[in-house]
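Contents: one structure, followed by commentary.
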Amino acid sequence: MAILDYLRTQLNLYLAELEFLVAIDSGTYDRDGCNRINDWLERRLSALGFSIKRFPQADTGDHLLARLGGRGSAKILLLGHSDTVYPRGTAARRPLKLAGDRLLGPGTCDMKAGLLVGIYAIEALNAIGFDDFGTLTLLCVADEEVDERTSVPLIQQAIAGCDAVLTLEAARENGDIVTARKGNVVMRVEAQGRSAHAGVEPEKGRNAISGLLRRLLQAEALAHPASGLTINIGTISGGTMPNVVPDHASASIDIRAFEQGELDRAVTDIEGIFVRPAIDDIRFTVQHRLASPPMPRSEAVARLEALAIRAAADLGFDLRGVSTGGGADSAFAAQAGVPVLDGLGPIGGLDHGPDEYILKSSIVPRTALLAELIRLICGERAA
């Protein structure tokens, strides 16, 4: 296949560019580092004919939107991010290295290798003279790794009117792509009691930590693993000194489910635990926000999955779609009713840790998969 032949000739250049990108610290709040990634993306994509628009942010790097027009009608969005979870100095301590088939380094899997897959897939299509898309868009945001985000409205705008969204996150460690994700709500609870001397007159106090803990255990008991509903008490804090009855405590709760209805019911039930009349005279305030909507495996997603499986078969390997509990920006496409596939980068794993990696042997076939999938989507849209 011509796409495979082309990509094999480009592998060494891909590896050199991956080494360059991994050597740049680009933690979410490292504006300079993320913008070095953006500068590189702008040069690379401009050379391919893309028009570039950057959206500067106060606390993070820019969000970058690149668009290329073609002769067809399909509108396809490639979705990625420039930020990592690593602090400045990590890249110098852990430069890219090859260990067997594994390329290790901070941000290799999540998701600098995926950004390169997007670019090289586009170059492969150029190499075979394919431009039968209407619009090919690449959106690279700079705040995917944190909860407080400015990019979500931009993601939603970019998704609008698309025929397909393809996310450049890495494939699972066994090669699976992602066709369903849980939605994620983060809840913050504040407890207000009354302080007192813990030894002299503890009865005059109202222990905010104890009151909060009792209710957190009730909330945790609402989890239903069989249906996929998970409830995790992620953080808890409170108190000042051992000899003081604490008058304040707080906690954060992570709630996940595959269906929005189940997510909404869990939020309502947990809120009910904290707002019901209290016999211990502890007052609570509760806030929640939707960090990521569910990404169900809809009929439209299943059709797109079938195209990916067909593309993989044409390239000589098997492919399977799976569900996962992690949230991702792909879920915003599902929320808008746009067909989406996730995990179209190279095969990799151990994200956010010292052994994060991608498989070198997966780079060419997975880049070819993305390019061939784009071709098939355009063909279906034109039919």
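The values are calculated or read from the model by the stated rules, or taken from the named source; none is laboratory data. What you are looking at is a predicted structure, and each value in this text was computed from that prediction instead of being measured. Note: ideal-geometry Cβ built from the backbone for every residue, glycine included; neighbour counts use all protein chains shown.
Return the pairs, sorted by first residue and then second, in which the second residue is acidic (Asp, Glu) and surrounded by 24 or more Cβ atoms within 10 Å (Cβ to Cβ), the first residue lies in region 70-95 and is under 23 Å from residue 130 (Cα atoms), the beta carbons are less than 8 Å apart, and the residues are 6+ apart or on different chains.
If the second residue must be acidic (Asp, Glu) and surrounded by 24 or more Cβ atoms within 10 Å (Cβ to Cβ), the pairs left are 79/329; 80/169.
Determine if region 306-315 includes at least one residue that is in the same structural domain as residue 145 (by TED's automatic domain parsing) and assigned to a loop (DSSP other than H, G, I, E, B).
Scanning region 306-315 turns up no residue that is in the same structural domain as residue 145 (by TED's automatic domain parsing) and assigned to a loop (DSSP other than H, G, I, E, B).
Which one is nearest to the chain's Cα centre (by Cα) among residues in region 195-232 that are surrounded by 15 or more Cβ atoms within 10 Å (Cβ to Cβ) and hydroxyl-bearing (Ser, Thr, Tyr)?
Ranking the candidates gives 230 first.
Just to confirm my filter: which strands (runs of 3 or more DSSP E) fall fully inside region 100-175 and include at least 2 residues that are surrounded by fewer than 24 Cβ atoms within 10 Å (Cβ to Cβ)?
Passing ranges, in order: 102-104, 135-141.
Return yes when residue 8 is under 22 Å from residue 363 (Cβ atoms), without any contact (Cβ under 8 Å) to a residue 60 or more places away in the chain and not aromatic (Phe, Trp, Tyr) and no when it is not.
Criteria not met by residue 8.
Pick from 208, 164: which is of a type outside the set (D, E, K, R), modelled with pLDDT of 95 or more and in the same structural domain as residue 116 (by TED's automatic domain parsing)?
Testing whether each residue is of a type outside the set (D, E, K, R), modelled with pLDDT of 95 or more and in the same structural domain as residue 116 (by TED's automatic domain parsing) leaves just 164.
Out of 49, 27, 72, 80, I need the residue that is at positive phi and of a type outside the set (Lys, Arg). Which one?
Selected residue: 49, the only one of 49, 27, 72, 80 that is at positive phi and of a type outside the set (Lys, Arg).
Any residue that is surrounded by fewer than 18 Cβ atoms within 10 Å (Cβ to Cβ), over 17 Å from the mean Cα position of the chain (by Cα) and over 30 Å from residue 90 (Cα atoms) - is there at least one of those in region 337-347?
yes
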